[in-house]
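The values are calculated or read from the model by the stated rules, or taken from the named source; none is laboratory data. Everything quoted here is computed from the prediction, not taken from an experiment. Here Cβ is always computed from backbone atoms with ideal geometry, including for glycine, and neighbour counts include all displayed protein chains.
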Amino acid sequence: MGGTKGMKKFVLILLLSVLVFSFLLAGCGDSTTAPEGIGSPKDTESEVYHLTFTDWGPEQLTLAQQSVKAIKMVEERTNGRVKITPYFSESLVKYEDTFSGISTGVADIAWFVSTFSTGIHDLNLIWHRLFSEEFPDHRVMSQVYKDLLNNVPELQEEMEKTGVRWLSIFAMPGQDLHTTKKEVRTPEDIKGMKIQAYGDVSKMINKMGGAAIEVPVNDWYMGFERGLFEGQFLQWLTLDAMNLIELVNCHTVFGDGGLTNSGVGYLVNLETWNNLPPDLQEILVECFDTVSEESVELLQQETEAALQKLREKGNKFIELTPEEMASWGEYVNDINQEWIEETEAKGLPARDTFEEMMRLAKEYW
């Protein structure tokens, strides 16, 4: 009994001695230095950020290859501090879930087309306005879009309210109308036709008495082939990329710029963006901006190649006269005005933004 009590007393004294000794050692150190992980700053220069990138299209497409180039460029310029894993062909996020996937953080960065903003954003639908007269091509409009994003802070602010922000934006080549059989010159020719389209182009078709149908990109070929729709507003190069050249025979041409230039580019999840140090944010923007500028020229080359294939195939090209363009312009102006009024009613500077876009386009053209 006595031996056990003595042993317990010895252990207690030993423990108290260790605690006192540890406290004295801590007091002898630099009192301004906190242990790692308890209020001390992170070594951000050695931390590696692992991000994901999503694109619903196949990796072999030109724009997808440009995305791969941007991803490699980011890793090189950050010395491996940012590593981005790409996912193509809907392997991470489905086509129709692109925006929700990026805004909720399923992916950190996404290839984004402005038509996905319908029903989500208001002011950012400026990237999908319709043109009531002949307009400059996508090379000019890409600079217009880039400057507009910088000149109108409300555009980025609106995106941030939904959990994302633009890394880079540019204009796709203009959309013209491609049909399997019917020649289309005026809005009256659209009546009764089934046309694949998005956003305000869909509104225009419905106003003209046609039926606008929205089909996922991977079903475009099947849709044309099976007669689900008989026409589509699309870029020339995309006809080639999706093997649609063999299915269409007539083309309605709305000048050099097409009926509309869809704004496209790269979105980043806002939380992901905010967690990156400023130097890495800057590199991310520079890299995706660089490939965006390169993409504009590559898209022009592919546009010319696609047009050559269509000419060799013997397809019919319908160049609209100024009078015919004006007949389409009546519907276009109504749709643009509706968008301006609806967006202004929500407290957003739609009219000023639209007028600034028009000013820049005329200045650069």
- [ ] Having 2 or more residues that are surrounded by fewer than 21 Cβ atoms within 10 Å (Cβ to Cβ) is the bar; report the strands (runs of 3 or more DSSP E) wholly within segment 47-146 that clear it.
- [x] 49-54, 82-87
Task: Single residue of 270, 259 found to be in contact with a strand residue (DSSP E or B) (Cβ under 8 Å, 6 or more places away or on another chain), crowded, with 16+ Cβ neighbours inside 10 Å, modelled with pLDDT of 95 or more and over 16 Å from residue 84 (Cβ atoms) - done: 270
Task: Qualifying residues in segment 197-212 (those that are part of a helix (DSSP H, G or I) and within 25 Å of the chain's Cα centre (by Cα)) - the one modelled with the lowest pLDDT - done: 199
- [ ] Look through 215, 184 and report the one residue that is outside any strand (DSSP E or B) and at pLDDT 95 or above.
- [x] 184
Open item on the list: Please pick out the residue among 275, 269 that is assigned by TED's automatic domain parsing to the domain that holds residue 145 and over 19 Å from the mean Cα position of the chain (by Cα).
Closed with: 275
Open item on the list: Going residue by residue through segment 330-344, is there one that turns out to be of a type in the set (D, E, K, R), touching a strand residue (DSSP E or B) at 6+ places or on another chain (Cβ under 7 Å) and farther than 21 Å from residue 243 by Cα?
Closed with: no
- [ ] Mind telling me which of the residues 126, 84 ends up being modelled with pLDDT of 95 or more, among the aliphatic types (A, V, I, L, M) and under 26 Å from residue 276 (Cα atoms)?
- [x] 84
Open item on the list: Can you tell me how many residues within segment 62-91 are within 22 Å of residue 280 (Cβ to Cβ) and over 16 Å from the mean Cα position of the chain (by Cα)?
Closed with: 15
TODO: Scan (1) out of contact with any helix residue (DSSP H, G or I) (no Cβ under 7 Å at 6 or more places or on another chain); (2) touching a residue at least 24 places away in the same chain (Cβ under 8 Å) for the single condition residue 99 breaks and write down its number.
DONE: (1)
